[in-house]
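In what follows, a structure is listed as structure tokens, so that the remarks can point back to it.
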Amino acid sequence: MSKVVLLSVVVPVYNEAENVRLLAEEIHAVLGRVGGGEIVFVDDGSTDGTASVLHAARAGGIPELRVIRHERRCGQSAAVCTGVRVAKADWIATLDGDGQNDPADIPVLVEAQRQDPALRLIVGNRTLRRDTWVRRVSARVANGVRGVLLGDGTPDGGCGIKLFHRDTFLRLPHFDHMHRFLPALFQRAGAQVTSVPVSHRLRTRGTSKYGLRNRLWAGIVDLCGVIWLLRRTAPPDAFREE
Ligand SMILES: Nc1nc2c(ncn2[C@@H]2O[C@H](COP(=O)(O)OP(=O)(O)O)[C@@H](O)[C@H]2O)c(=O)[nH]1
Ligand SMILES: [Mg+2]
């Protein structure tokens, strides 16, 4: 892409063949409203033809769509990291690849950052969550526990739609499931974080990749790891040259 890229939209996907075409078209339509940019889908070793659907979408009128592929499944956070690494813009928007986040919220996040240029991470807050009650309750518990133990002041840290500063993200420690802890990790790096209300949609096609097991147990281990990281961190602005 030869022109300056203003925003990179990074979408991690695993077996979302039924969802990615419509989502790519929606993002394409929205990018025009925020000054343009690129769309980076990271296919995490899908086995259902997700990548072929994306290639067809690009050929069918979405030239700013890039398709990056992991040879095998490495996890959602690894896919986000890959997307950020190859992204060409200074600012990254991420959203889930199943269509539950609405790309129409991207301009809302961009506007929040324009209003307060000191912000480095803007997190969506799904005020009306469209999910099963098990998912809603487990998300509420996870967000509540994270809020109390990490003090990240973020009501919905697990929300997939976020806008953040690429270089700050690349300085963070990277680990599986880190995408749920970005507010605490950005704050640990001395960066300002805020949340804005976003909409949420039903998953109408494909199946959820997370159940109670891989969310709850992994979540407890990750939480302990992040608490440890926060305790072992010197203040980010603790020096000056004299
Ligand atoms: N790259 C990658 N993406 C994943 C993986 N598991 C889930 N995702 C993506 O993460 C997003 C959220 O997953 P989803 O199953 O909808 O979770 P839920 O909405 O929390 O139930 C979707 O875009 C999935 O395609 C994975 O192992 N690798
Ligand atoms: Mg989902």
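The values are calculated or read from the model by the stated rules, or taken from the named source; none is laboratory data. Model, not experiment: these values are computed from the prediction. Quick reminder, even Gly has a Cβ in these numbers, built from the backbone with ideal geometry, and neighbours come from all protein chains shown. Just the protein is used for accessible areas: all its heavy atoms, side chains included, with ligands, DNA and RNA removed. Shrake-Rupley method; radii C 1.70, N 1.55, O 1.52, S 1.80 Å.
Observations on the model:
- Checking each residue in region 104-138 for being in contact with a strand residue (DSSP E or B) (Cβ under 8 Å, 6 or more places away or on another chain), within 13 Å of ligand 1 (Cβ to nearest atom) and of a type outside the set (D, E, K, R) picks out only Gly124.
- Count of region 4-30 residues, restricted to those that are closer than 19 Å to Arg85 by Cα and either modelled with pLDDT under 95 or more than 10 Å from ligand 1 (Cβ to nearest atom) (or both), is 7.
- Screening Val10, Val53, Val40 for residues that are surrounded by 19 or more Cβ atoms within 10 Å (Cβ to Cβ) and assigned to a helix (DSSP H, G or I) leaves exactly one candidate, Val53.
- The test for being open to solvent by 20 Å² or more (accessible area, probe 1.4 Å) and touching a Leu at 6+ places or on another chain (Cβ under 9 Å) holds for Arg188.
- In region 141-148, the condition of being of a type outside the set (A, V, I, L, M) and within 14 Å of ligand 2 (Cβ to nearest atom) is met by no residue.
- Those residues of region 206-237 which are small (Gly, Ala, Ser) and free of Cβ contacts under 8 Å to residues at least 24 places away in the same chain, in sequence order: Gly211, Ala234
- For Leu150, the criteria (1) closer than 24 Å to Asn214 by Cα; (2) away from ligand 1 (no atom under 16 Å from the Cβ); (3) open to solvent by 30 Å² or more (accessible area, probe 1.4 Å) hold in every case but one, which is (3).
- Single residue of Arg58, Arg33 found to be away from ligand 1 (no atom under 16 Å from the Cβ), farther than 19 Å from His174 by Cβ and either modelled with pLDDT under 95 or hydroxyl-bearing (Ser, Thr, Tyr) (or both): Arg33
- Residue list for region 196-228, restricted to those being more than 23 Å from Asn19 (Cβ to Cβ), at pLDDT 90 or above and open to solvent by less than 30 Å² (accessible area, probe 1.4 Å): Val196, Asp222, Leu223, Val226
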